[in-house]
Every structure is written in C-alpha cells, then in structure tokens.
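Accompanying notes for the structure given below.
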Amino acid sequence: MNIIEIKNLKTTYNGHTAIKDITFNISQGEYVCLVGENGSGKSTLLKTIIGLNKKDSGEIIKHIEPDKISYLAQNNLVDINFPATAKEIIMTGIQRHGKLPFYKKEDHIRFNEICKLLNIEEIVNRQIGELSGGQRQRVMLARALIRNPELLILDEPCSGLDINITKEFYKILNRLNKETGLTILMATHDLDEIENENARVICIATSVKFDGTMEDGLKMFQNDVERK
Ligand code: ADP
Ligand code: MG
C-alpha cells in the first residue's frame, strides 16, 4: 500500500530550480535512502513533502494523516544553548497545542517507552547543551517518535557525528523499521553505514537519477568513486 505518491514535483527558489520531474511512491514499511551530492535537492524535496517549502507544480498525495509524519531536521540545527532539559524537548513532540493539559497520562507512558527504546533514560533530565552530539541526536529522534508516526522523514541525521555513533543511530532505525514497520525516508551520505539490505536507494541530482535496491545503489556509488 502506498503511503505517499509524488508526481512530477518541482520546487524553485526565486526562479532557480532546486528539484524537478520527481516521481516516486513510497509504500508502507519501506526504508528509503535519498542520496545525492550537496546541492542536489535532497533537503528541498523533504521540505516540500512536509510542506515547509512550497511546490511550484506536481502532486504530493498522502495516504496518511499529516500528524502521522514526523520530521527530523539536520542535526546541526539544534541550538545547544537552548535552556531546556532533554525531557522538555522530547515532550514538545507531543504537546497538544491549544489544549490543556498539554500532556496526558498516556503521553508520559509513551515517553518512558521511547526513552527505554532509545536507551536515553539516564540522560533525559540533563540540559540539552550538556549532551554529546550523538546523545542529542537520539533525543531529537525521541522527540520525532513520541507521537507514534507512521512515516519518519530524516535529513542527514548523522552529519558531523563520528562513525561509531553513526552506526548506532542507524541500528536503531533498522530496528524501528523491522520491528515496528515504521516507514523511513532519509536523506543521507552514509550508505555504507546503514547495513539494511532491504533498503531502497533513490539518487537525485535535481531530478531522479537512480531508484533501486541498496545492493545496486552501493555498486553505483562504488563505480562513482572509482571513476573520480
Ligand atoms: P541538498 O540538501 O541535496 O544539499 P538543497 O535542497 O539544500 O540540496 O539545495 C538544492 C538547491 O537549491 C541548491 O542549488 C541550493 O543552493 C538551492 N537552495 C536550497 N535552499 C535554498 C534557499 N533557501 N534559497 C535559495 N536557494 C536554495
Ligand atoms: Mg541538505
């Protein structure tokens, strides 16, 4: 079952075409890696899908409710001086805007489940600024997951993190995908670290250049590297 269909999508910035002719579907439970060089349009595509950027033309048909989509922006966007604990930040992912109480009992239960799953129980009462990059990124993942999304969209979640932290992070995503059926769409440069043979790779350079299996995607990149 498709949860999202993208047809001939085009987005521009002041006349500059960032993406065009983008067509693909994502079905429930898929793990899709969006790859492409810097400036190829990955962030623009993700932001257009979630409505942060306005499309010029094309269609985005969502077969799930908007509140079932969670988005995790690039990790360097977190201001580490923001005066809040990890818990406070995670809970903003579920806040019932305009309604009191902000949180219900089941939200706290869900909070505990997520912290256990991501192994962050020990750090949730610390200030976000005191945490390491890898811990902070797990906190941001917890924030994205706390409202039980069906589709998780991530934009280069591990840029700037060291390789072991990166591998740990991708292991968590694999588990979520395999054990809970969470659908994942992620911009990444780390195909080698993802270790998910079922993943699908979509490569873009303004438009789609490749759409296939992880195995073929890895081969394509190996060839690319050898040619350079
Ligand atoms: P990627 O995430 O793959 O690095 P982006 O989606 O950020 O690519 O960028 C795609 C193209 O759009 C690039 O040419 C980039 O310079 C341009 N671009 C991205 N964001 C903006 C913006 N806010 N204003 C103008 N141009 C932008
Ligand atoms: Mg980007």
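Quick check on my filter: what residues within segment 21-40 are small (Gly, Ala, Ser) and either outside any loop (DSSP other than H, G, I, E, B) or not assigned by TED's automatic domain parsing to the domain that holds Gly217 (or both)? Working first, answer last.
Keep residues of segment 21-40 that are small (Gly, Ala, Ser), which gives 27, 29, 36, 39-40.
If the condition is that a residue be small (Gly, Ala, Ser) and either outside any loop (DSSP other than H, G, I, E, B) or not assigned by TED's automatic domain parsing to the domain that holds Gly217 (or both), then Ser27 is the only one that fits.
I'm trying to understand the selection: among the residues of segment 109-150, which are farther than 30 Å from Ile49 by Cα, assigned to a helix (DSSP H, G or I) and among the β-branched types (Val, Ile, Thr)?
Residue satisfying the conditions is Ile109 alone.
Looking at segment 185-198, I want the residues that are on the phi > 0 side of the Ramachandran plot and have a partner that is away from ligand 1 (no atom under 13 Å from the Cβ) and at pLDDT 90 or above with Cβ atoms under 9 Å, at least 6 apart or on another chain. Which pairs are those?
Taking only residues 6 or more apart or on different chains, the pairs are Glu195/Lys167; Glu195/Tyr170; Glu195/Lys171; Glu195/Asn174.
Please state which of the following conditions Ile153 fails to meet, knowing it meets all the rest: (1) surrounded by fewer than 19 Cβ atoms within 10 Å (Cβ to Cβ); (2) not in a helix (DSSP H, G or I).
Here Ile153 clears every test but (1).
Please find, within segment 156-191, the residue that is farthest from Glu30 (Cα to Cα) out of those that are polar (S, T, N, Q) and not in a strand (DSSP E or B).
Of segment 156-191, the ones polar (S, T, N, Q) are 159, 164, 166, 174, 177, 180, 183, 188.
After this cut, where a residue has to be not in a strand (DSSP E or B) as well, the list is 159, 164, 166, 174, 177, 180, 188.
Values: Ser159: 22, Asn164: 25, Thr166: 20, Asn174: 11, Asn177: 8, Thr180: 12, Thr188: 16 Å.
Ranking the qualifying residues of segment 156-191, first place goes to Asn164.
Among the residues of segment 41-94, what is the count of those that are within 16 Å of ligand 2 (Cβ to nearest atom), farther than 15 Å from Lys20 by Cβ and assigned to a loop (DSSP other than H, G, I, E, B)?
Residues in segment 41-94 being within 16 Å of ligand 2 (Cβ to nearest atom), farther than 15 Å from Lys20 by Cβ and assigned to a loop (DSSP other than H, G, I, E, B): 4 in total.
Test Arg143 against the criterion of being of a type outside the set (Val, Ile, Thr) and either modelled with pLDDT of 95 or more or not assigned by TED's automatic domain parsing to the domain that holds Glu37 (or both), and give yes or no. Outline the logic, then answer.
On the way: of a type outside the set (Val, Ile, Thr): yes; either modelled with pLDDT of 95 or more or not assigned by TED's automatic domain parsing to the domain that holds Glu37 (or both): yes.
For Arg143, the condition - of a type outside the set (Val, Ile, Thr) and either modelled with pLDDT of 95 or more or not assigned by TED's automatic domain parsing to the domain that holds Glu37 (or both) - is met.
The values are calculated or read from the model by the stated rules, or taken from the named source; none is laboratory data. Everything numeric here is computed off the predicted structure, so don't read it as measured data. Because the Cβ atoms are built from the backbone with ideal geometry, glycine has one as well, and the counts that use them run over all protein chains shown.
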